[in-house]
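Here is the structure we will look at.
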Amino acid sequence: MQSLTDTKLTIYGEQFTNRMLIGSALYPSPEVMQAAIATSGAEIVTVSLRRQQTKQAGDDFWTLIKEMGLRVLPNTAGCHSVKEAVTLAQMCREVFATDWIKLELIGDEYNLQPDPIALLEATEILLKDGFKVLPYCTDDLVLCQRLDALGCEVLMPWGAPIGTGKGLLNPYNLQTIRTRLPHQTLIVDAGLGLPSHACQALELGYDAVLLNSAVAGAGCPITMAKAFEASTVAGRLSYLAKAMPQKEVASPSTPTLGMPFWHAN
């Protein structure tokens, strides 16, 4: 059982047991949102100041978020420029009383791909301003290395374009990032659609997953939240246990020793 000895998820020095971060948007109702998040066991919930304005969602939304007693991770969803993202991050720090920020900077409207150049610039500005930045980026090794060099302690490469539910489109890239940045806390963010996708990410050695649409858009968000919670546990245990090596030819699982002689060949 020594191989199953685990550490907790660490984000900028804070430790968490659950390896799923969950979003608070797109649910059919505030009540379903609260129930799904509670069922997931998530300890961190993401919120968007721009897309979930109090005057639009109602005061009840913020009340529900506060009642859950979770660590709030505000994001800069919808930003397209460095100035826009930095300004929104500073507003989030005031509103939510936290120096954590999930940095999102959209570079392409078609697939909502993060802008790598603007992301690096905004990350450097926010880190110097005292923020603990969790940058949402593509599965590009060099970009992740640059973000790591700036001082980010958490990186969040996508599995697929946000909201697509396609899962891990390029496991090789994600595995390479994990191998080359063994010290980093890595979280797959965006594109997951099924619990098996989350399990695969954890099996690759990623520390956690962040998702929203996969739960909020499910037929039963509450049940799907539970399924994702179970999948992260399974994926992490699988990673710790270390999978058997793959083989090119079949290998019998039942030993020949002790079998009747007519079955031996």
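Here are the numbers for this structure:
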| read-out | value |
| --- | --- |
| Residue match in the stretch 154-169 (condition: in contact with a helix residue (DSSP H, G or I) (Cβ under 7 Å, 6 or more places away or on another chain) and within 15 Å of MET20 (Cβ to Cβ)) | yes |
| Looking only at the stretch 132-155, and only at residues there that are out of contact with any Lys or Arg (no Cβ under 7 Å at 6 or more places or on another chain) and of a type in the set (A, V, I, L, M), the one that is nearest to LEU194 (Cα to Cα) | LEU155 |
| Residue in the stretch 47-54 that is over 27 Å from ALA160 (Cβ atoms), over 19 Å from the mean Cα position of the chain (by Cα) and not in a helix (DSSP H, G or I) present | yes |
| Near pairs, Cβ below 9 angstrom, 6+ apart or cross-chain, from the stretch 17-32 (at positive phi) to any residue that is assigned to a loop (DSSP other than H, G, I, E, B) | LEU26/GLY163; LEU26/ASN212; LEU26/GLY217 |
| Residue, surrounded by the most Cβ atoms within 10 Å (Cβ to Cβ), within the stretch 96-114, restricted to residues that are at pLDDT below 95 and acidic (Asp, Glu) | ASP108 |
| Scan of the stretch 135-173 for residues that are open to solvent by 20 Å² or more (accessible area, probe 1.4 Å), in a helix (DSSP H, G or I), farther than 14 Å from TYR206 by Cβ and in contact (Cβ under 8 Å) with a residue 12 or more places away in the chain, ordered by number | LEU141, GLN145, ARG146, ASP148, LEU150 |
| Filter result for SER196 (assigned to a loop (DSSP other than H, G, I, E, B), of a type in the set (Gly, Ala, Ser) and either touching a helix residue (DSSP H, G or I) at 6+ places or on another chain (Cβ under 7 Å) or at pLDDT below 95 (or both)) | no |
| Scope the stretch 201-225; condition in a helix (DSSP H, G or I) and either touching a strand residue (DSSP E or B) at 6+ places or on another chain (Cβ under 9 Å) or buried (at least 24 other Cβ atoms within 10 Å of the Cβ) (or both); matching residues | ALA201, LEU202, SER213, ALA214, VAL215, ALA216, ALA225 |
| Count of residues meeting criterion [open to solvent by 60 Å² or more (accessible area, probe 1.4 Å) and either in a helix (DSSP H, G or I) or among the small types (Gly, Ala, Ser) (or both)] in the stretch 58-86 | 7 |
| Sole residue being over 20 Å from the mean Cα position of the chain (by Cα), of a type outside the set (D, E, K, R) and closer than 16 Å to MET156 by Cβ, chosen from ALA89, ALA42, ALA122, ALA97 | ALA122 |
| Test: residue in the stretch 117-131 that is in a loop (DSSP other than H, G, I, E, B) and β-branched (Val, Ile, Thr) | no |
| Some residue of the stretch 50-67 being at pLDDT 90 or above and under 30 Å from GLU121 (Cβ atoms) | no |
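The values are calculated or read from the model by the stated rules, or taken from the named source; none is laboratory data. In this text, all values refer to a predicted model and were calculated from it rather than measured experimentally. Heads up, the Cβs are rebuilt from the backbone with ideal geometry, glycines too, and the neighbour counts pull from every protein chain shown. Just the protein is used for accessible areas: all its heavy atoms, side chains included, with ligands, DNA and RNA removed. Shrake-Rupley method; radii C 1.70, N 1.55, O 1.52, S 1.80 Å.
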